[in-house]
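Trainee: Sharing a structure with you now.
The values are calculated or read from the model by the stated rules, or taken from the named source; none is laboratory data. Computed from a predicted model, the values in this text were never measured in an experiment. In this analysis, Cβ positions are derived from the backbone assuming ideal geometry, glycine residues included, and neighbour counts consider all displayed protein chains.
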Amino acid sequence: MLSKKVALTGLLMTMSVSSFAHANCKASPLHEDMDTLKTEMKSLAFEVKKEDYASADARIDRIIAVLKDAREEKPYLFTEKGLEGAELNQRMADYQSVMDDTITAFVALDKAVADKDASSAKMALGEIGNLRKKGHRAFKADC
Ligand code: HEM
């Protein structure tokens, strides 16, 4: 009976810790940048579809600024794993390299939009989608 109580208390404690971690990971500056990216990407897709290239151009510049900001933030996964020192530096470098590739893909999209080149724009958007998947698979905590 006592052990059941202890187990229940343990379970409740684990739940509250994990919900705390959950709140923590959703409140980070990186998470905020990512939420902004999601909203901006929706508007961008709409503008590209409407062939409103002037608005798309300005939006891509804003997206690139958000990505540059996100590049300097530490993914929550690294905090959760307690990474420090050389290991943290290595994983940050990996993260920043995928961010750099993503920025490069948005620069290519910017050019395609300026040239009103729909087929290059589509290719760049595909590449961005792949980098998003790659970044999330490698660096996003499951929280
Ligand atoms: C256009 C591209 C992208 C979009 C629209 C996007 C969107 C998002 C969204 C909506 C979330 C929150 C998901 C949730 O609620 O759990 C998120 C989280 C995250 N994304 Fe992205 N993402 C993009 C690209 C990337 C790239 C390229 C990387 C890495 C190089 C990345 C790394 C992360 C990480 C690490 C988190 C978790 C937040 C944290 O650790 O604080 N994302 N992203």
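Trainee: Is it the case that segment 78-85 has a residue that's part of a helix (DSSP H, G or I), over 17 Å from the mean Cα position of the chain (by Cα) and on the phi > 0 side of the Ramachandran plot?
Mentor: Yes, some residue in segment 78-85 is part of a helix (DSSP H, G or I), over 17 Å from the mean Cα position of the chain (by Cα) and on the phi > 0 side of the Ramachandran plot.
Trainee: List pairs: first residue in segment 57-79 and over 28 Å from residue 116 (Cβ atoms), second residue polar (S, T, N, Q) and modelled with pLDDT of 95 or more anywhere in the structure, Cβ distance under 8 angstrom, at least six positions apart or on different chains.
Mentor: Once the first residue is over 28 Å from residue 116 (Cβ atoms) and sits in segment 57-79, its partners that are polar (S, T, N, Q) and modelled with pLDDT of 95 or more give 71/96.
Trainee: Shifting gears a bit: Would it be correct to say that residue 103 is surrounded by 13 or more Cβ atoms within 10 Å (Cβ to Cβ), of a type in the set (A, V, I, L, M, F, W, C), more than 8 Å from the ligand (Cβ to nearest atom) and under 18 Å from the mean Cα position of the chain (by Cα)?
Mentor: yes
Trainee: Related question: Return only the number of the condition from (1) surrounded by 17 or more Cβ atoms within 10 Å (Cβ to Cβ); (2) within 21 Å of residue 36 (Cα to Cα); (3) within 9 Å of the ligand (Cβ to nearest atom) that residue 74 does not satisfy.
Mentor: Against the list (1) surrounded by 17 or more Cβ atoms within 10 Å (Cβ to Cβ); (2) within 21 Å of residue 36 (Cα to Cα); (3) within 9 Å of the ligand (Cβ to nearest atom), residue 74 comes up short only on (1).
Trainee: Under the condition of being among the small types (Gly, Ala, Ser) and without any contact (Cβ under 8 Å) to a residue 24 or more places away in the chain, which residue from segment 26-44 is nearest to residue 80 (Cα to Cα)?
Mentor: So the residue we want is 27.
Trainee: Here's a follow-up. Spot the failing condition for residue 141; the list is (1) away from the ligand (no atom under 11 Å from the Cβ); (2) in contact (Cβ under 8 Å) with a residue 60 or more places away in the chain; (3) under 16 Å from the mean Cα position of the chain (by Cα), and only one is missed.
Mentor: So the condition that residue 141 fails would be (1).
Trainee: Take residue 98 and decide whether it is in a helix (DSSP H, G or I) and more than 20 Å from residue 25 (Cβ to Cβ).
Mentor: Answer is no for this residue.
Trainee: Which residue out of 108, 70, 54 is among the small types (Gly, Ala, Ser), over 16 Å from residue 126 (Cα atoms) and at pLDDT 95 or above?
Mentor: That would be 70, the only listed residue that is among the small types (Gly, Ala, Ser), over 16 Å from residue 126 (Cα atoms) and at pLDDT 95 or above.
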